[in-house]
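Take a look at the structure set out below.
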Amino acid sequence: MSTALKRIGVFTSGGDAPGMNACIRAVVRAGVYHGLEVMGIRRGYEGMIDGDFMAMPSPAVSNIIQRGGTILKSARSERFRTTGGRQQAFRQLEEAGIEGVVAIGGDGTFTGASIFCSEFGTPFIGIPGTIDNDLYGTDFTIGYDTAINTAVEAIDKIRDTAASHDRLFFIEVMGRDAGFIALRSGIAGGAEAILVPETETDIDQLISSLKNGWKKEKSSSIVIVAEGDETGGAFKVADAVKQKFSQYDTRVIILGHLQRGGQPSCMDRVLASRLGVAAVEALMDGHQNAMVGQIHREVVLTPFEQAIKHHAGLNPNLLKLAEILAS
Ligand code: F6P
């Protein structure tokens with residue numbers, strides 16, 4: 001392992017995800033272990049442009065592994081999309097003596113990192129941190145496991161009241177471009193239907209399957225709608241269904257940002273810890289412009305270019321499973 005690096009930076013960017021703190025902790029602890037200085041960059045690329053840096057010795061990350069959110073805060077930066085913004089960020093990194101950066105976030109974060117790396121040559125290693133699980137190059141992203149467990153807990157609670165009142169609920173879960181949260185939480189929550197952006201939603205087919213349930217004396221039903229479904233979300237689907245099938249008393253609930261908070265699950269903490277250490281070691285080994293992920297339990301590096309270009313797809317077996325279980 002090369003020891004040429006002396007000081008590295010770490011930041012979180014994009015939508016926060018449970019486990020980001022565990023990941024920051026792992027980056028700091030791995031840095032300290034290998035004799036590096038670690039600087040925290042606050043507010044993602046915004047803080048990089050503003051030089052909002054803080055030294056992070058080992059005690060700076062005590063007592064955070066169990067906390068949701070991110071102690072470094074997060075942001076979506078418009079300024080970093082401009083050449084001027086990136087030039088300023090480069091100057092700030094140079095002035096602070098930061099020679100390599102660990103970026104924890106999603107594909108927007110890695111797109112920015114990839115452009116920055118090619119413009120200025122600063123080595124970046126990315127870590128997948130998003131509840132959406134939509135990144136190529138890893139089986140799971142940090143935050144996804146916690147988010148689906150939060151969603152399932154909510155679905156279970158809604159099922160109680162749905163059953164008590166014989167109602168049909170449309171529950172919208174997050175996932176702007178992907179149905180991972182919808183699919184897993186829907187299966188685990190016993191949903192009657194799951195609508196995801198990856199497959200075309202057929203409202204008539206949805207109505208016919210709800211009618212079948214009604215005929216079989218199913219007194220309540222739950223439909224999970226991914227935020228990014230092309231129908232435009234749970235309210236729109238509910239309206240479309242009600243127009244042609246109004247037997248059920250219907251309610252709509254948007255789980256929203258609730259899914260982004262809370263204590264990270266054991267799985268997210270371990271994944272975050274493993275990838276945090278791997279990212280520091282990848283930087284020390286001279287890697288750059290790539291994301292560390294975990295595939296089939298092994299840590300793998302995927303160039304940003306590929307991680308951004310390809311999209312992780314839903315497992316067709318799970319889609320089929322959901323259909324069988326709802327019949
Ligand atoms: O990328 C994670 C995510 O939670 C998406 O599922 C969601 O569409 C988006 O972030 C919401 O972003 P914001 O918090 O900026 O509204």
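Residue-level check: of (1) farther than 22 Å from Asp132 by Cα; (2) within 16 Å of the ligand (Cβ to nearest atom), Ser13 misses just (1). Among the conditions (1) within 16 Å of the ligand (Cβ to nearest atom); (2) part of a loop (DSSP other than H, G, I, E, B), His257 misses just one, which is (2).
Residues of segment 281-327 being touching a Pro at 6+ places or on another chain (Cβ under 7 Å) and either at positive phi or assigned to a strand (DSSP E or B) (or both), which ones? If you could, list the steps in order and put the result at the bottom.
At the first step, the residues of segment 281-327 found to be touching a Pro at 6+ places or on another chain (Cβ under 7 Å) are 283, 288-291, 293.
Within segment 281-327, Asn289, Ala290, Met291, Gly293 meet the criteria.
Residues that are over 22 Å from Gly286 (Cα atoms) and aliphatic (A, V, I, L, M) were ranked within segment 59-110; the one that is nearest to the ligand (Cβ to nearest atom) is Ala75.
Cβ-Cβ distances below 6 Å connect the following pairs, each with a first residue in segment 173-195 that is assigned by TED's automatic domain parsing to the domain that holds Gln205 and over 20 Å from Asp160 (Cβ atoms), a second residue that is assigned to a loop (DSSP other than H, G, I, E, B) and among the hydroxyl-bearing types (Ser, Thr, Tyr), and a separation of six or more residues or different chains: Leu195/Thr201.
Against the test of being outside any helix (DSSP H, G or I), under 26 Å from the mean Cα position of the chain (by Cα), crowded, with 21+ Cβ neighbours inside 10 Å and away from the ligand (no atom under 16 Å from the Cβ), the options Val28, Val38 yield a single qualifying residue, Val38. Scanning segment 112-137 for residues that are under 17 Å from Gly15 (Cα atoms) and either within 13 Å of the ligand (Cβ to nearest atom) or in contact with a His (Cβ under 8 Å, 6 or more places away or on another chain) (or both) yields Pro128, Gly129, Thr130, Ile131, Asp132, Asn133, Asp134, Leu135. When Thr161 is tested against the conditions (1) among the β-branched types (Val, Ile, Thr); (2) under 23 Å from the mean Cα position of the chain (by Cα); (3) surrounded by fewer than 24 Cβ atoms within 10 Å (Cβ to Cβ), the lone failure is (2).
The values are calculated or read from the model by the stated rules, or taken from the named source; none is laboratory data. Note that the structure is predicted; figures quoted are calculated from it, not measured. We place every Cβ from the backbone using ideal geometry, glycine too, and count neighbours over all the protein chains shown.
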